[in-house]
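**Q** Here's a structure for you.
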Amino acid sequence: MAEDVNVMGDESPTSVVFLEHEKFSHVIFNKMEKTYRPGGDIMCFYKLTRDIHPQKKDWLGVFRVGWMSTREFYTFIWAPLPSDCEEQQQVTFKAYYLPKNEEDFYQFCYVDWNGVVRGASVPFQICQEVEEEILLVTTEGTMQGFAQQNQDLIKIKMELEELQLEKKNIEVKLEKSQESVTALERNNHSLQRKNSGLQKTLDTQTSQLDTLQRDLGVVKELRERLYQQNKALQTELDSLRSKSETFVHNERLLKKEKETMEAEKNCMQTELHQRNKQIENMRTEQEAMEKQQSAEQGAMNMLQSENLNHKREIERLVHDCTEKSKQLEHCRQENGRLQSAVTEQQTHKERLEEQLKQEQQHMKTLKQEKMNEVSSLKKEMEHNNYLIRILQMEKEDLIKENQKLKKEAEKVSAHFPGEAQFSSRNPASHEDVIIKKKCLKRDEKCSENVNDPDVGHPYRGNRITCPSCEQSFEASNKQVYDDHVLCHVLESSIN
């Protein structure tokens with residue numbers, strides 16, 4: 001199969017597997033050439049009939065001769081919507097997308113938006129035209145060669161006539177096979193209707209599958225965004241950690257400087273390690289220290305100013321550290337929520353993948369069931385054809401047997417000329433006439449035996465006795481008795 005080439009976009013055209021040949025004449029292709037020059041564009045001319053209503057998704061494709069499905073197109077182009085369907089329409093296939101094989105035959109096909117072929121052109125080739133040149137040489141040797149060629153041409157002509165006769169015979173056989181094919185197409189039409197219903201269910205399943213795939217794509221995009229956000233938050237968290245480390249390092253440096261400056265401020269330095277909860281105690285102790293040093297204010301002015309500056313710097317660093325710790329806790333909470341959302345999306349994705357697997361398994365089972373149904377229908381058709389052949393053979397046997405019976409009836413009528421007229425009107429009832437005569441003779445014999453007192457007769461009181469098997473019957477059931485006696489008569493005639 002040639003490679004499919006889409007010349008109008010990423011979206012592929014509609015296509016089906018089952019074809020309806022009776023719709024091929026809805027689009028008529030004209031101005032067709034037997035061969036087209038390779039490397040050049042091809043103009044396709046066609047005309048729409050009244051049986052087709054063009055749609056936006058109709059398309060024209062180039063197919064290799066022998067294609068079995070509309071999915072086997074080599075290239076295609078969208079059919080333009082015409083203003084008037086009765087006017088001549090044309091499209092141009094670019095040389096770049098056309099097939100390059102010069103030995104194969106191709107044809108144009110018009111496919112509607114449902115994927116049904118509505119028209120097909122005559123086959124053509126994309127190859128160079130071969131020009132034959134004839135050179136005449138008027139020599140004696142070549143004239144003898146021409147005479148030999150003429151004899152060969154006469155033989156070829158005779159063989160051609162024989163081939164034409166064989167062609168006529170083949171055409172007759174082809175007509176008979178086409179009649180059988182039409183019957184099969186009718187059966188296939190009913191199967192196509194069933195398959196159209198299955199195709200609709202398949203389309204619904206594919207649409208559901210597309211929605212699931214779109215949902216899966218949305219989930220993947222959301223997961224990617226969450227991953228990027230988590231990555232950004234992680235970088236921000238790392239920066240906050242580095243800043244907190246620098247803050248801790250600065251605090252240690254300040255503590256060392258404060259220990260060298262004042263041994264009395266050990267309580268405040270130890271309270272700095274306890275962070276936010278011990279800040280108030282540190283402030284009260286600092287106030288007490290300030291009250292004790294009020295007397296020495298003159299000598300300690302420089303130290304107090306430096307102490308106030310260090311205190312403000314420490315408070316600012318402590319405040320920044322508390323803010324950063326709060327931001328760090330908030331980031332951890334956000335990270336926890338994001339991780340929970342990611343886990344939920346992963347579980348949702350797993351459920352969607354499981355549903356997708358189940359749908360695919362269901363589609364496989366449906367496809368297998370339909371294939372089994374088609375195979376059973378084929379077997380049923382073969383069985384019906386076998387029964388038809390058997391019935392035809394039985395019909396022929398019955399006709400032969402009927403002819404034999406007619407001949408036997410003619411022989412019987414020849415032996416019984418008094419009954420010839422009756423047997424000629426109804427030959428099949430000749431044996432019935434003989435049986436009825438025997439029954440009359442038996443009834444006469446039974447009536448004679450009734451008057452003879454020495455012979456046991458069948459009429460005894462209210463019951464009747466059969467003279468052959470001595471079975472008794474009610475006198476009121478005279479018809480049953482007559483049928484019983486007739487059966488004995490038939491048995492004796494058969495024996």
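**Q** Could you look at the range 304-361 and say what percent of its accessible area is carbon and sulfur, using a 1.4 Å probe and all protein chains? Mind showing how you got there, number by number?
**A** On the way: 1890 of 4020 Å².
Carbon and sulfur together cover 47 percent of it.
**Q** Which far-off residues, 5 or more places away or on another chain, put their amide H under 5 Å from the one on V65, with H placed in the peptide plane?
**A** Residues meeting the criterion, in which the H sits 1.01 Å from N, are F105, Y106, Q107.
**Q** Among rounded, prolate and oblate, which fits the range 186-295 when a ≥ b ≥ c are the square roots of the eigenvalues of its C-alpha gyration tensor, a/c under 1.5 means rounded, and a/b larger than b/c means prolate? Before the final figure, lay out the partial values.
**A** Details: a/c = 11.61, a/b = 5.82, b/c = 1.99.
Prolate is the answer for the range 186-295, as a/c is 1.5 or above and a/b outweighs b/c.
**Q** Residues with beta-carbon under 14 Å from that of R389, excluding R389: net charge, scoring Lys, Arg +1 and Asp, Glu -1? Don't skip to the end; give the middle numbers.
**A** Working: positive: K395; negative: E382, E394, E396, D397.
Its environment carries a net charge of -3.
**Q** Roughly how many percent of the accessible protein surface of the range 27-126 is carbon and sulfur, given a 1.4 Å probe and a whole-percent answer? Don't skip to the answer; put the middle values down first.
**A** Values: 2670 of 5310 Å².
In the range 27-126, the share of accessible area belonging to carbon and sulfur is 50 percent.
**Q** Now a separate question. With each pseudo-label sitting 7 Å past Cα toward Cβ, what's the C466-T270 distance in nm, one decimal?
**A** Roughly 13.7 nm, to one decimal.
**Q** Excluding residues on the same chain fewer than 8 positions from K256, give the lysines whose Cα lies under 16 Å from its Cα.
**A** Here the lysines satisfying the reach criterion relative to K256 are K265, K311.
**Q** Using protein chains only and a probe of 1.4 angstrom, how many square angstrom of V374 are accessible, to the nearest 10?
**A** Accessible area of V374: about 50 Å².
**Q** Mark the label point 7 Å from the Cα of A295 along Cα→Cβ and return the residues of the range 246-264 whose backbone N is within less than 18 Å of it.
**A** Once the point is set 7 Å along Cα→Cβ of A295, 264 turn out to lie under 18 Å by backbone N, inside the range 246-264.
**Q** Straight-line reach from K400: which lysines fall under 25 Å, measuring Cα to Cα and dropping same-chain residues less than 8 apart?
**A** Straight-line reach from K400, under 25 Å: K411.
**Q** Assign one of three labels to the range 27-126, namely rounded, prolate or oblate, based on the Cα gyration tensor with a ≥ b ≥ c the square roots of its eigenvalues; rounded applies when a/c is under 1.5, prolate when it is not and a/b is larger than b/c, and oblate otherwise.
**A** prolate
**Q** Please provide three numbers in whole Å: the alpha-carbon extents of the range 196-251 along the principal axes, with the largest listed first.
**A** Sorted largest first, the three principal extents are 80, 8, 6 Å.
**Q** Quick one: order K370, K176 from most to least accessible surface, probe 1.4 Å. If you can, show how the numbers build up before the last one.
**A** Numbers: K370 65, K176 135 Å².
Highest to lowest solvent-accessible surface, that is K176, K370.
**Q** Run through every distinct alpha carbon pair of the range 211-369 and return the Kirkwood hydrodynamic radius in angstroms, one decimal place. Let's see the in-between values first.
**A** Working: mean 1/r = 0.0483 Å⁻¹.
Over the range 211-369, the inverse of the mean reciprocal pair distance is 20.7 Å.
**Q** Of the accessible area of the range 165-272, with the probe set at 1.4 angstrom, what percent is carbon plus sulfur?
**A** On the way: 4420 of 8070 Å².
The nonpolar share, carbon plus sulfur, comes to 55 percent.
**Q** Rounded to the nearest 0.05, what FRET efficiency do R337 and S239 have when you use their Cβ-Cβ distance and R0 = 22 Å? Write down the numbers at each step before the final one.
**A** Values: r = 21 Å, r/R0 = 0.94.
It comes out at approximately 0.60.
**Q** Pairs K370/K395; K100/K370; K255/K277; K34/K157; K56/K370: which are spaced more than 29 Å apart, C-alpha to C-alpha? Intermediate results must be reported in sequence, preceding the final value.
**A** On the way: K370/K395 37 Å; K100/K370 39 Å; K255/K277 18 Å; K34/K157 25 Å; K56/K370 32 Å.
Violating the 29 Å limit, Cα to Cα: K370/K395; K100/K370; K56/K370.
The values are calculated or read from the model by the stated rules, or taken from the named source; none is laboratory data. Keep in mind that this is a model prediction, so the values were computed, not measured. Virtual Cβ from ideal backbone geometry, glycine too; neighbours counted across all protein chains shown. Ligands, DNA and RNA are stripped out before the accessible areas are found, and what is left, the full protein with its side chains, is counted by its heavy atoms. Shrake-Rupley method; radii C 1.70, N 1.55, O 1.52, S 1.80 Å.
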